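Before any comments, here is the structure.
The values are calculated or read from the model by the stated rules, or taken from the named source; none is laboratory data. Nothing here was measured: the structure is a model prediction, and the numbers come from that model. All Cβ positions, even for glycine, are placed from backbone atoms using ideal geometry, and neighbour counts span all protein chains on display. These accessible areas exclude ligands, DNA and RNA; they are computed on the full protein's heavy atoms, side chains included. Shrake-Rupley method; radii C 1.70, N 1.55, O 1.52, S 1.80 Å.
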Amino acid sequence: FKEEAIAFAWEWVTKEIELPVERLYATVYNDDDEAFKAWEKIAPKLRKGRILRFGKKDNYWSMGDIGPCGPCSEIHFDRGEKFGTGPNDKINGETDRFVEIWNLVFMQFDRTPDGKLVKLPKPSVDTGAGLERIAAIVQNVDSNYQIDLFKNIIRAISDITKSNYQVNPSPHNVIADHLRALTFAIADGAGISNEGQGYVLRRILRRAARHGRNLGL
């Protein structure tokens, strides 16, 4: 099941959205030879040092101390030297140069209360891919907030507040992000209240309002 999942991911990233292969890297969990060999087979251009192994911190996922878990395989994109050329600008580093855009979690095991790993009878793949992150790369912008999904919202905030986004982008970004979260949540039937999930939405609304006041609303 790993080889098929990797093949689907690679096809979508390189053929559907046409990201340049020379700027892509793959990572696998330390001892996941199956995934490593699958990458070598499916993406031969990555064989020369662009299929990397990492430990549990970066390439293993679990729901918690017990329950389903398994190794991960990720696709990373090199955004270029303008985002850094230092020793910390590396895959799974803390800088903005290399961005993880795709994550395949191979749900192979069930961790029991005593810490043992039991093979699942039917393994599955949990795919994680950030829409905004991928859009930022495809549209070649520096930030998720510069993509077309946010531009019109941020422009409207600037118009209403008569504020300059370039001078103080942070509150504009917060309001745009929170507005969108509230819109989708309310459209899905959630409500704003004093308890439970409704209180979470209330806090999101309050925070957006606070940043609006910072812009003079």
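In the full protein context, the chain carries 60 Å² of accessible surface per residue, based on a 1.4 Å probe and ignoring ligands, DNA and RNA.
According to the square roots a ≥ b ≥ c of the eigenvalues of the Cα gyration tensor, what is the shape class of segment 9-70, taking rounded for a/c under 1.5, prolate for a/b larger than b/c otherwise, and oblate for the remainder? Prolate.
Using a ≥ b ≥ c from the Cα gyration tensor of segment 64-161 (square roots of the eigenvalues), is it rounded, prolate or oblate, where a/c under 1.5 gives rounded and otherwise the larger of a/b and b/c decides, a/b for prolate? It comes out prolate by the Cα gyration axes. Amide H of Arg97: which non-local residues (sequence gap of 5 or more, or other chain) have their own amide H closer than 5 Å, using H built in the peptide plane? So Arg97 has HN proximity to no qualifying residue.
Seen against the Cα atoms of the chain and their longest principal axis, helix 148-161 is set at about 20 degrees. The mean sequence separation of alpha-carbon pairs under 8 Å and at least six residues apart, normalised by the residue count of segment 23-97, gives a relative contact order of 34 percent. Farthest toward the positive end of the dipole of the chain, out of Gly128, Leu205, Gly55, is the Cα of Leu205, where the dipole comes from beta carbon charges about the Cα centre.
For the chain, a simple Cβ point-charge model (Lys and Arg +1, Asp and Glu -1, everything else neutral) yields a dipole of about 600 debye relative to the Cα centre. Note that segment 68-75 has calculated 3J(HN,Hα) couplings of x, 6, x, x, 10, 9, 10, 10 Hz, one per residue in order, obtained from phi through the Karplus relation 6.51 cos²θ - 1.76 cosθ + 1.60 (θ = phi - 60°); glycine and proline are x.
Placing unit charges on the Cβ atoms of the charged side chains and taking the dipole of segment 1-73 about its Cα centre, the candidate lying farthest along the positive direction among Asn30, Ile66, Phe8 is Asn30.
With the simple spin-label model, which puts each label point 7 Å out from Cα in the Cβ direction, the Leu120 to Arg202 separation comes to 3.7 nm. Using just its DSSP H runs of length 4 or more, each adding -39500 (n - 2.57), the chain gives a mean residue ellipticity at 222 nm of -12000 deg cm²/dmol after division by all residues.
For the chain, what does the alpha-carbon gyration tensor say about shape, rounded, prolate or oblate, given a ≥ b ≥ c as the root eigenvalues, a/c under 1.5 as rounded, and a/b over b/c as prolate? Verdict is oblate for the chain.
Averaging the Cα positions of each part gives two centres, and for segment 139-181 and segment 78-102 these lie 24 Å apart.
Annotation: peptides 36-44, 199-207, 184-192, ranked by per-residue average of other Cβ atoms within 10 Å with the highest first, follow the order 36-44, 199-207, 184-192.
Explain nothing, just the number: relative contact order of the chain, from Cα pairs under 8 Å at least 6 residues apart, as a whole percent. Intermediate values should be presented prior to the final figure.
Values: 312 pairs, mean separation 27.8, N = 217.
The normalised contact order for the chain reaches 13 percent.
Projecting the Cα atoms of Asn92, Ser193, Ser158 onto the dipole axis of the chain, where Lys and Arg carry +1 and Asp and Glu carry -1 at the beta carbon, places Ser158 farthest toward the positive end. Given Lys45/Lys82; Lys37/Lys116; Lys48/Lys119; Lys15/Lys41; Lys15/Lys82; Lys15/Lys90, which pairs have Cα atoms separated by over 22 Å? Going by Cα-Cα distance, Lys45/Lys82; Lys37/Lys116; Lys48/Lys119; Lys15/Lys82; Lys15/Lys90 fall outside the 22 Å limit.
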